Amino acid sequence: AGTATDTSTLETKTEGLLTFDRLRVVKKESGTYVSMNRNGLILITDASGREKEKLPVPYGAELFVKDGDRVKIGQTLARWDPFSSPIITEKKGKIDFMEMESGVTFIEKYDETTGFSTKVVIEPKNSEMTPRVIIRDEDNKQIAAITLPVNAYILHTKDDMVDVGDVIAKKPKETMKT
């Protein structure tokens, strides 16, 4: 039986031409790409165009290749966090929050190991409230709103600057105890 860390990278078993199939990505300032959908694939074909590999790419994976690259056997194509589902921004701007109220839509969780506390979204005590992260441009205009699910760990504070493809929150994946 494998562990979750077995599936945190994507590597090639063959060499050939890499193409994206239904894979929507955004390019980060660092030059890497981030997968922005859940049903995208990486295809690898040989010199005669025969499909050799079809690899599913999870939402939020950081890609180290681009569409049309030639790849070698054992090359790392992508990496992701196997323990959480990321919430990613497609816009560059400044973080703001809407309907985030301590004890009503989030709680602070203190981590004794790191000494840091993190805001964690809870089931709103006021059913009219929907906690959201707002991205604002340089004119302070709202350019994106991202609804935060219950149990999301918020990774930024108000006025933090974020780039396209940045993780703004993470939701831990359910783990099974055996």
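The values are calculated or read from the model by the stated rules, or taken from the named source; none is laboratory data. Bear in mind that the values here come from a model prediction, so they are computed numbers and not experimental data. Every residue, glycine as well, gets a Cβ built from its backbone with ideal geometry; the counts of neighbours run over all protein chains shown. All accessible areas refer to the heavy atoms of the entire protein, side chains included, with ligands and DNA or RNA removed. Shrake-Rupley method; radii C 1.70, N 1.55, O 1.52, S 1.80 Å.
Miscellaneous remarks
- In summary, Lys141 fulfils each of the numbered conditions (1) modelled with pLDDT of 95 or more; (2) under 24 Å from Thr14 (Cα atoms); (3) out of contact with any strand residue (DSSP E or B) (no Cβ under 7 Å at 6 or more places or on another chain) with the single exception of condition (2).
- Within region 32-44, the set of residues being open to solvent by 30 Å² or more (accessible area, probe 1.4 Å) and closer than 17 Å to Val65 by Cα comprises just one member, Tyr33.
- Those residues of region 54-75 which are outside any loop (DSSP other than H, G, I, E, B) and out of contact with any Leu (no Cβ under 7 Å at 6 or more places or on another chain), in sequence order: Glu62
- Gly49 satisfies every condition listed in (1) open to solvent by less than 30 Å² (accessible area, probe 1.4 Å); (2) without any contact (Cβ under 8 Å) to a residue 12 or more places away in the chain except (1).
- Of all residues in region 63-93, those that are free of Cβ contacts under 8 Å to residues at least 40 places away in the same chain and within 19 Å of Lys170 (Cβ to Cβ) total 1.
- Index of the failed condition, Leu43 passing every other in (1) in a loop (DSSP other than H, G, I, E, B); (2) within 13 Å of Leu18 (Cβ to Cβ): (1)
- Scanning region 138-150 for residues that are surrounded by 15 or more Cβ atoms within 10 Å (Cβ to Cβ) and outside any strand (DSSP E or B) yields one hit, Leu148.
- Per the conditions (1) within 23 Å of the chain's Cα centre (by Cα); (2) assigned to a strand (DSSP E or B), the sole criterion not satisfied by Arg38 is (2).
- Region 77-101, residues that are out of contact with any strand residue (DSSP E or B) (no Cβ under 7 Å at 6 or more places or on another chain) and farther than 30 Å from Phe20 by Cα: Glu101
- Being modelled with pLDDT under 95, surrounded by 15 or more Cβ atoms within 10 Å (Cβ to Cβ), closer than 23 Å to Ile135 by Cβ and out of contact with any helix residue (DSSP H, G or I) (no Cβ under 8 Å at 6 or more places or on another chain) is not true of Asp96.
- Which numbered condition Arg24 misses (of (1) without any contact (Cβ under 8 Å) to a residue 40 or more places away in the chain; (2) more than 28 Å from His156 (Cα to Cα); (3) open to solvent by 60 Å² or more (accessible area, probe 1.4 Å); (4) not acidic (Asp, Glu)): (2)
- Summed over region 98-111, residues that are assigned to a strand (DSSP E or B), within 24 Å of Lys173 (Cα to Cα) and not small (Gly, Ala, Ser) total 5.
- For region 122-150, a tally of residues being within 11 Å of Phe97 (Cα to Cα) and in contact with a Phe, Trp or Tyr (Cβ under 9 Å, 6 or more places away or on another chain) returns 5.
- Of the candidates Arg79, Arg70, Arg50, the single residue that is basic (Lys, Arg) and under 22 Å from the mean Cα position of the chain (by Cα) is Arg79.
- Among the residues listed as Gly115, Gly165, the single one being surrounded by 17 or more Cβ atoms within 10 Å (Cβ to Cβ) and either aromatic (Phe, Trp, Tyr) or in a loop (DSSP other than H, G, I, E, B) (or both): Gly165
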